[in-house]
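For reference, the structure discussed in these notes is given below.
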Amino acid sequence: MKKLGIGLLGCSVILHKAHGPAMFSLSDDYELIAMCDIDPQRLNQMADDYHPKRRYTALADMLADPEVDVILNTTPTSEHAATTIACLKAGKHVLCEKPIAITMEDADAMVEAARQSGLVLQMALQSRHNLAWKKIHELLQQNAIGTPHTITLTQYWNEPTVYDNWRTTASVSGGGILADSCVHWIDMMRWQMGEITSVCGIGIPSPDSPRPEIEDTSLTLLRFASGAIGCLRNGWRNQTLSGNAESVEINGTKGSIRAELRTPWSNSGVQEIHLITNGDDEHVFTYHSPHLRFRDQLKDFAECVRGEHPVTCTVEDGRRALKIQQAIYASFDSRRWEDVPC
Ligand SMILES: NC(=O)c1ccc[n+]([C@@H]2O[C@H](COP(=O)([O-])OP(=O)(O)OC[C@H]3O[C@@H](n4cnc5c(N)ncnc54)[C@H](O)[C@@H]3O)[C@@H](O)[C@H]2O)c1
């Protein structure tokens, strides 16, 4: 099996924390050819650790490198469209970080560029590769709780460092927590429950926020095409009893799924899914090493590029998540339910 020559675009924190270690653990799938960052200092700092064959400060130069087959794009959100489209036009497959883009125009252009190129453009919404979320998906597909009719998904983190970077500058990030981590949960809700058709949300800054123009905390009600309803609760500055908390409860006509999940940064956290049927019949499924979702995502990307199966999380999924995110922002302003036509 030929290894894929990989080019890393953006010497980012997420690359260093998650994708880099994942890539090095997949040495049968990938060979690190090049790294590129517009900031030479960041490029050299990270490349001195990673030892790529070549270093670039201009994307065009990395795209001219014939040994680069695929690009992992971890630039900030405002850069995703222009850089990803350039990669596709140069014949490179792309795994692009979330969220897809800031505007629907950019997201549409990415969908079109992927279609025209015939190449793989996969969105890095890695919860789809978290074994615990995959088990929940399998249980729902097997009708384990009958017809699911409510879902409540909660992500409360206490992350004051979000104010230190571009993540809270709306012109680069697209907004606050909704445009950042919440996109994972919009995608998860769609994947587990089917299409979202209308939303009604409210967002507030944290009382001590230095950026009161963006939301740190949001609450959103959702309706699904199936008739089910949901509630999405997110916060960057919410201390909870269990620290950084991610949890989900899905109730159906025959049973219930409750899960305590762990952030992907946790190497040792245990994720537990409780399946309760017939009132009190309980099964517990336990998963370790939540960070392995990044390895499994990169493995999955390599399989897609080799044509072994269709793309798991498509550019259309990324576009749809942005559309729903924008409808939630619209409902913040209108204080009404907003439809999200398909
Ligand atoms: N999947 C996840 O759970 C997850 C978690 C964190 C971040 N992210 C996403 O990853 C991306 C990166 O986030 P981060 O906080 O790690 O970024 P970062 O700020 O740490 O790094 C971004 C790097 O990109 C470089 N850069 C900017 N524009 C560029 C361009 N046009 N060409 C080349 N390099 C360029 C910057 O110089 C910087 O070194 C974002 O899209 C973010 O939303 C995803």
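The values are calculated or read from the model by the stated rules, or taken from the named source; none is laboratory data. This structure is a prediction, so every number in the text was calculated from the model and none was measured. As a convention, Cβ positions derive from the backbone with ideal geometry for all residues, glycine included, and neighbour counts pool all protein chains shown. We work out accessible area using only protein heavy atoms, side chains counted, and drop any ligands, DNA or RNA first. Shrake-Rupley method; radii C 1.70, N 1.55, O 1.52, S 1.80 Å.
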Crossing angle, helix 104-117 versus the chain [Cα axis fit, 0-90 degrees, rounded to tens]: 60
Region 95-180 shape via C-alpha gyration tensor axes, a/c threshold 1.5: oblate
Gained length - LYS89 relative to ARG42, 0.36 nm times residue gap less alpha-carbon distance: 14.3 nm
Accessible surface of region 189-342, 1.4 Å probe, proportion on carbon and sulfur as whole %: 50
Accessible area in square angstrom per residue, region 43-150, 1.4 angstrom probe: 40
Accessible carbon and sulfur surface of region 1-157 relative to its total accessible area, %, 1.4 Å: 52
Charge dipole magnitude, Cβ of K and R +1, D and E -1 - region 196-339, Cα centre, debye nearest 20: 260
Length released on extending from GLU138 to ASP333, taking residue separation times 0.36 nm less the Cα-Cα span: 66.5 nm
Protection proxy ranking of 286-297, 67-78, 109-120 - average other beta-carbon atoms within 10 Å, highest first: 67-78, 286-297, 109-120
Heavy atoms of TRP185 accessible to a 1.4 Å probe, total area in Å² rounded to 10: 10
Percent RCO, i.e. relative contact order, over the chain, from Cα pairs under 8 Å lying at least 6 residues apart: 19
Cα shape, region 190-253, gyration tensor, a/c 1.5 rule: oblate
Candidates PRO205, PRO40, PRO264: whichever shows maximal mean-square fluctuation once the chain is modelled as a Gaussian network with Cα springs under 10 Å: PRO40
Phi-based couplings in Hz for region 207-212 (Karplus 6.51, -1.76, 1.60; Gly and Pro marked x): x, 9, 6, x, 10, x
Estimated vicinal HN-Hα couplings, Hz - region 147-159 in sequence order (Karplus 6.51, -1.76, 1.60; Gly, Pro = x): 7, x, 10, 9, 9, 10, 10, 10, 9, 10, 10, 10, 10
Cα-based helix-to-principal-axis angle, 182-193 vs the chain, degrees rounded to 10: 60
Between helix 315-334 and the chain: long-axis angle, C-alpha atoms, 0 to 90°, nearest 10: 50
Cross-link pairs LYS3/LYS89; LYS98/LYS135; LYS299/LYS323; LYS2/LYS299; LYS17/LYS53 - those with Cα-Cα distance over 18 Å: LYS3/LYS89; LYS98/LYS135; LYS299/LYS323; LYS17/LYS53
Among 172-180, 18-26, 272-280, the order from most to least packed when residues are scored by Cβ within 10 Å on average: 172-180, 18-26, 272-280
Cβ-placed point charges (K, R +1; D, E -1), dipole of the chain about Cα centre in debye, nearest 20: 260
Region 120-249, relative contact order [Cα under 8 Å, separation at least 6], %: 34
Relative contact order of region 194-342, pairs being alpha-carbon contacts under 8 Å that are 6 or more residues apart, as %: 23
Residues with amide H under 5 Å from that of LEU261, placed H, sequence gap 5 or more: GLU246, SER247, VAL248
Difference of contour (0.36 nm per residue) and Cα-Cα distance, ARG115 to CYS231: 38.4 nm
Among PRO66, PRO76, ALA109 - extreme Cα towards positive end, dipole of region 57-115, charges at beta-carbon: ALA109
Surface per residue (accessible, 1.4 Å probe) for region 194-264, Å²: 45
Shape category assigned to region 165-324 from the gyration tensor of Cα positions, a/c cut at 1.5: rounded
